[in-house]
Amino acid sequence: MSDELNAPPGVDPTRASVARVYDYLLGGKDHYEADRKVAESIMVTMPEIADATRENRAFLIRVCRFLATNAGITQFLDCGSGLPTAENVHQVVQRINPESKVVYTDYDPIVAANGRALLEDNDRTRYVEADIFEPESILDNETVRTHLNWDQPIAVLFVATLHHHKGDRGRPAEVTAEFVKRLPSGSYVVISHLVDPSDGSGDDQAIAELQEVLRSGSLKGVIARTKAEIRELFHEAELISPGPDRTPEIVPLIDWWPDGPLLRPPNIAQRIMVGGVARKP
């Protein structure tokens, strides 16, 4: 995809895409010069920004392992999944249980088309074109309704997606409310989100600088929220503990059941994303 002259029909290689910028920061190959320029402009302000994307991916992998192993979940709905890259949801959960079913969604038709092509040999995984900020486009989608059994628990993932809404600040809460309402009892909701500390900490200025880069560039519209605001996105779903003997709460992604002890302090990029996992009673 990195060849601008041979871009797929309908793709504007001169306009940056959130999915392709993320792919570039993860070290992928599906991006163009416009995407690289946006990513590099962010890195001027925050050289460690690639660490944030890697922590987000690592969080996703740990959560999927937990849900597939400890929680026994076999159905996953990844909302705003972006481009398929290394260690996707289906790869993680189907290693644990080959019968697990996954549906990926993305509003970008080209992303969805690429996803379907890459997954055409996996009969337990689907990729549909739908907009997470129009929940009915997902919840009422025929593939979503038929591929997943809505009488059994489902894990819904909003990983680094809800902060990209460019309109009404309250819209993401309305979106997650609709999902939580429709989910069967015993389902899980997973959210990672750009955080606004709003506590006078040293992170405030660094995050404000990053937000300014995002607002002034091709990815403008990103909205950070406080931990309390992010907690509200889960509604009545009950947060689980982020670690042994810990109170259920929203935490930096690097701090959610890490694979081992943190042997050095996290940098600012590793602190700008927080999240949690909650279970619907």
> Of the peptides 255-266, 120-131, how do they stack up when ordered by the mean number of other Cβ atoms within 10 Å, highest first?
Replying inline: 120-131, 255-266
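What translational diffusion coefficient, to the nearest whole µm²/s, does the stretch 111-154 have by Stokes-Einstein, given a Kirkwood radius computed over alpha-carbon pairs, a temperature of 4 °C and 1.567 mPa s viscosity? Present the calculation step by step, with values, prior to reporting the outcome.
Values: Rh = 11.4 Å.
Calculated translational D: 113 µm²/s.
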> Structure shown: which of Lys227/Lys280; Lys101/Lys227; Lys37/Lys227 lie over 23 Å apart, alpha-carbon to alpha-carbon?
Replying inline: Lys101/Lys227; Lys37/Lys227
>> Report the gain in length on full extension from Ser41 to Ala177: 0.36 nm times residue separation, minus Cα-Cα distance, nm rounded to one decimal.
In response: 45.5 nm
> Counting only residues 5 or more places away or on other chains, whose amide H sits under 5 Å from the amide H of Leu77 once H atoms are built in the peptide plane?
Replying inline: Val103, Ala155, Val156, Leu157
>> Using the basic label-point model (7 angstrom from Cα toward the beta carbon), what is the Ala58 to Asn149 distance in nanometres?
In response: 3.6 nm
> In whole Hz, what ³J(HN,Hα) sequence does the stretch 228-234 give by Karplus (6.51, -1.76, 1.60; θ = phi - 60°), x for Gly and Pro?
Replying inline: 5, 5, 5, 4, 5, 5, 7
> For the chain, what's the relative contact order in percent, using C-alpha pairs closer than 8 Å and at least 6 residues apart?
Replying inline: 18 percent
>> Could you check the spin-label model distance between Leu262 and Glu48? Points 7 Å from the Cα along Cα→Cβ, value in nm.
In response: 1.0 nm
> If the chain between Asp121 and Ala228 were fully stretched, how many nm would it gain, using 0.36 nm times the residue separation less the Cα-Cα distance?
Replying inline: 34.3 nm
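Per DSSP H run of at least 4 residues, take -39500 (n - 2.57); add these up for the chain, divide by its residues and hand me the 222 nm value, nearest 500 deg cm²/dmol.
Numbers: 10 runs with 103 residues, N = 281.
Taking each H run of at least 4 residues, the total per residue is -11000 deg cm²/dmol.
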> What area, in nm² and to one decimal, does the C-alpha convex hull of the stretch 50-279 cast on average over all directions?
Replying inline: 12.4 nm²
> Once fully extended, how much extra length lies between Asn97 and Thr14, figured as 0.36 nm per residue of separation less the alpha-carbon to alpha-carbon distance?
Replying inline: 25.8 nm
> In bins 10 Å wide, starting from 0, what share of all Cα pairs of the stretch 71-137 does each bin hold, as a percent?
Replying inline: 23, 54, 22, 1
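Quick note: the coordinates plus some simple rules give every number you see, no bench work behind them. If you're wondering where the values come from, they're calculated on a predicted model, not measured in any experiment. Neighbour counts are summed over all protein chains in view; Cβ atoms, including those assigned to glycine, are modelled from backbone coordinates with ideal geometry.
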